[in-house]
Every structure is written in structure tokens, then in C-alpha cells.
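Working notes, beginning with the structure itself.
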Amino acid sequence: MKRKGAGFIFIVISICFTGSLSAQVKKQLTLNDAINLGVQNSKQLQLNKEKILEAAAAVKEAVEKKLPDAGVSGAYMRLMGSNIKMKGEPNNGGSGSNTAMPDISQAVYGIMNISLPLYAGGRIRLGIESSRYLEQAARLDADNNKDEGIQNIIEAFANLYKSASAVKLVQDNLQQSRQREKDFSNLEKNGLLARNDLLKAQLQTSNIELSLLDAQNNLQMATVNMDLMLGLPAHTELELDTTEIEKREDDRTLEDFLQAATTNRKDIQAISYRKKAAATLVKATEAQLYPNLQLTGGYIAADIPKFFSITNAVNLGVGVSYNIGSLWKTKAKVQQAEAKEREMALTEQMMGDVLQLQVNKSYLNLLSSRKKIDVYIKAVEQASENYKIVKNKFDNSLATTTDLLEADVAQFQAKLNYTFAKADAFVAYHKLLQTAGILSSGLEK
């Protein structure tokens, strides 16, 4: 019985252990993998696809206005006590003849009308043109939102890198602090170190342990955020390929990026198409002052039993219609359309100013970030050398415990700053590509 019980416990433990391993899914992740997954699972991009389909349907609707309209109507009527008299019927008062009209109690008729627009003042053509401009603007909006989504993924990738690097650096620092605490404890036992100095080392270890907890929490939140962006199961452990974090050489100047932004920014192009659509709307509104010319045709059939019937009554002609009220109702509509056109023109000018500001800011941020990398490289070298010197002095009783602990903190902070600076420069470079409208093409290089 004991063997059976032990075997059962072993099986349960094995199942639980296997389940815990399967729950912790690990995934290798490169930057390109992250971008592809993020684009595939982006709800915003899916929404943009629907907006494009909506705009394309609006174009189709505008084109269909060139097609003929057709309508069919018919009725059956029951006539109650009708008195029908033909015009020109002779007066039978003195002739002696007596011609009686038939008793008519019902009537049936059917009418089919077809009309084909020949001329509508250009409203149909202008409506198609305006719809196509708006469809193109919707597609450009989708491209712009795609670039924004890619930039968000890049920033999340960098944030996850920073969080994972912070955990690694804090763990290394904690391991070093615990070893120092053991060394100090041995010195204190042998009377070679004051109790107060040991307490300082122990306090620093405790502070590093608290920092590790914060770093691990930040890493967990960064992982969850990345999983959600990529459409992965929550808490999927991600192992990043960090080769993309390293500095990318790019010798283009500020003027190059400004020129690229003027040519490639999708939001600027979308505003331009909306301005064209607004100008087309002005013309379409003015076209309401013109008459409509239509080619018309139809078929009529009717039957009044015992009286008459009509079949094969086909008609063909040309119809003209004109809304006289448009003479005094169109002016306000034209003013509204012209105001919309001016609004789009001003928006385009404002976007041009914003473009200049964004590109300049992104370019300066990149220069600053890369300069920080150079500074922090030197800072890491200086902090490491300083720690070695202070440690040597401490071992020879020429430096205090406080000096040693401060040198250790400075060394750790320098390494952390350098790691974060690389990630910040990575984000700043891609932000510059985004503001210049060349993020997608830049990632392909």
C-alpha cells in the first residue's frame, strides 16, 4: 500500500510539474516577427480595412448613378356604381335610338418606366470623382495608421528590452552585493570590520532586493503588454533577439528627412486628397443650378372589361426637369462647400508646419540619444575603473565602506544608463523614420 501511495503521489507531482512547464510558453522574437504579428492582429488596422471597403462602396454607389432607373407599378380597382359617359356622345332624346353603356365594375392597369440620365450638370461625374478622392484618402489613412502601429510595436519591443536588461543587471548586482555581505560578515567575525559597516552592506543588499522586485514587475507588465499587442496568449515568455537594438548607421541629413517627409507622409497626402474632394464638392453643388436631361421609355397595359383594353403601348422620349427652387436654395450650399474647401486648405498648411516641427524634433532627439550613448560608454569605463580603485583602497584600509558602496552604485547606474540609452536611440531612430514617412521602407533595409 505504501508503494502504491508513493507511486500515486509521484504521478500527481509529475502531472503538475508538466502542466506548469506547458503553461510557461516561451517564444523567440525578432523585431520583424513582432512587427508582422502586430500588424496581423491590430484591431485598428482591421478597422481601417472596413473604412476602405466603405469608401470603395461609396465610389461604386456614385458610379451606379449613371445606370438607368426602372420602376414598375400596377393596380386592380373595383368600381362601385360608376357612371361612365363618353365625350361627344349624341343626345338620344329625340332620335328614338337607345345605346346603353356597359356596366363597368373593375379595371386593371400596369406601367413600367425606364429613365437613363443624359445630362445632370456634371453632378454624376463630379460625385464619382469626389468619392474616388475620399477612397484614396481612406487608403492613405490606413497606411499612416499602420506606420503608427509599427512604431508602437517598436517602442514596446524596446521597453521589453529595457525591462529584461534591468532585471539582468539588478540580479548581477544583487549577487555581487550578497557576496560582499558574506565577505564583510567574515571580516566582522574576525574583528577586522566594524558592525556598522556590515549593516551598511546588508542594507544595500536589501535595497537591491527591493529594486529587483520592481524590475521583475516591470518586466512582467512589459511582457503582458507585448503579448496583447501581438495577439499572443497572456504571460507568454518572450526571448528577444536584441541585434536590432544596436546602432544603425544612417548618413542622411536633416534636409534629407524633411524632403522625404514632404514626399512620403501619408497623412499629408490624405489631406491633399480631401482638399481635392472638397473642391469637387463645390462644383457639384453649383451644378444643381443646371437642368436634368433624361432618356425615358415605358410600357403601359390596361384592361377595363366590356369597355376597352390597351396592350403593347410602348413609349420612348426625352424628358427635361428643372428645380426652380435651386435658384435661391443653392447659394448657401455652395458657401458651405467653399468653407469646407478653405478648411481643408488651412489644415494642409497647418500639417506642413507640424511636419517641419516633428521632423526637427525627432532628428534632434536622435542626435541627443546617440550622443548619450557615447557619454555613457565612457561613464561605464570610468565607473568600473573607479570601483576597482576604491575596492583596492578599501582592501588596504584607505577607503571607507561608504566609499565602496557608493562606487558600486555608481557602476551599476552607469551600466543601466548605457543599456537604456541604446534602447532610447533605437526608438528615436525609428521615430525619425516615421515622421519622415519612410518607416516601412526603412525597416526593409
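The values are calculated or read from the model by the stated rules, or taken from the named source; none is laboratory data. Keep in mind the model is a prediction, meaning the values are calculated, not measured. Note that we place each Cβ from the backbone using ideal geometry, even for glycine, and neighbour counts take in every protein chain shown.
Here are the numbers for this structure:
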{"item": "Test: residue in the stretch 329-351 that is under 30 Å from Asn417 (Cα atoms), within 29 Å of the chain's Cα centre (by Cα) and buried (at least 17 other Cβ atoms within 10 Å of the Cβ)", "result": "no"}
{"item": "Condition check for Asp183: touching a residue at least 60 places away in the same chain (Cβ under 8 Å), part of a helix (DSSP H, G or I), closer than 19 Å to Asp395 by Cα and of a type in the set (Asp, Glu)", "result": "no"}
{"item": "Tally, over the stretch 295-314, of residues that are at pLDDT 90 or above and either touching a Ser or Thr at 6+ places or on another chain (Cβ under 6 Å) or loosely packed, with under 11 Cβ neighbours inside 10 Å (or both)", "result": "3"}
{"item": "Answer residue from the stretch 106-128, given it is β-branched (Val, Ile, Thr) and crowded, with 16+ Cβ neighbours inside 10 Å and is farthest from Leu67 (Cα to Cα) among those", "result": "Ile128"}
{"item": "Some residue of the stretch 208-225 being more than 16 Å from Ala423 (Cβ to Cβ), in a loop (DSSP other than H, G, I, E, B) and without any contact (Cβ under 8 Å) to a residue 60 or more places away in the chain", "result": "no"}
{"item": "Cβ-Cβ under 6 Å pairs, at least 6 apart or on other chains, the stretch 59-78 side touching a residue at least 60 places away in the same chain (Cβ under 8 Å), far side surrounded by 12 or more Cβ atoms within 10 Å (Cβ to Cβ) and among the small types (Gly, Ala, Ser)", "result": "Val59/Ser131; Ala62/Gly127; Ala62/Ser131"}
{"item": "Residue check for Asn264: out of contact with any Pro (no Cβ under 8 Å at 6 or more places or on another chain) and within 23 Å of Lys146 (Cβ to Cβ)", "result": "yes"}
{"item": "Single unsatisfied condition, Ala234 versus (1) surrounded by 14 or more Cβ atoms within 10 Å (Cβ to Cβ); (2) within 23 Å of the chain's Cα centre (by Cα)", "result": "(1)"}
{"item": "Residue within the stretch 416-427 that is in contact with a Leu (Cβ under 9 Å, 6 or more places away or on another chain) and free of Cβ contacts under 8 Å to residues at least 24 places away in the same chain present", "result": "no"}
{"item": "Count of residues meeting criterion [loosely packed, with under 12 Cβ neighbours inside 10 Å, at pLDDT below 90 and not in a helix (DSSP H, G or I)] in the stretch 238-268", "result": "3"}
{"item": "Test set (1) farther than 30 Å from Ile438 by Cβ; (2) part of a helix (DSSP H, G or I); (3) in contact with a Leu (Cβ under 8 Å, 6 or more places away or on another chain); (4) of a type outside the set (D, E, K, R) - Asn360 fails condition number", "result": "(1)"}
{"item": "Set Lys445, Lys361, Lys391: member being more than 23 Å from Ile268 (Cα to Cα) and either exposed (fewer than 14 other Cβ atoms within 10 Å of the Cβ) or at pLDDT 95 or above (or both)", "result": "Lys445"}
{"item": "Any hit, the stretch 367-376, residues being within 30 Å of Gln176 (Cα to Cα) and hydrophobic (A, V, I, L, M, F, W, C)", "result": "yes"}
{"item": "Any hit, the stretch 311-320, residues being within 30 Å of Pro68 (Cβ to Cβ), assigned to a loop (DSSP other than H, G, I, E, B), more than 46 Å from the chain's Cα centre (by Cα) and β-branched (Val, Ile, Thr)", "result": "no"}
{"item": "Of residues in the stretch 143-179 being free of Cβ contacts under 8 Å to residues at least 40 places away in the same chain and touching a helix residue (DSSP H, G or I) at 6+ places or on another chain (Cβ under 8 Å), the one surrounded by the most Cβ atoms within 10 Å (Cβ to Cβ)", "result": "Leu174"}
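Here is a yes/no grid of residues against (1) out of contact with any Asp or Glu (no Cβ under 9 Å at 6 or more places or on another chain); (2) farther than 30 Å from Arg265 by Cβ; (3) at pLDDT 95 or above:
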| residue | (1), (2), (3) |
| --- | --- |
| Leu327 | yes, yes, no |
| Gln335 | yes, yes, no |
| Glu348 | yes, no, no |
| Asn365 | no, no, yes |
| Asn386 | yes, yes, yes |
| Thr401 | no, yes, no |
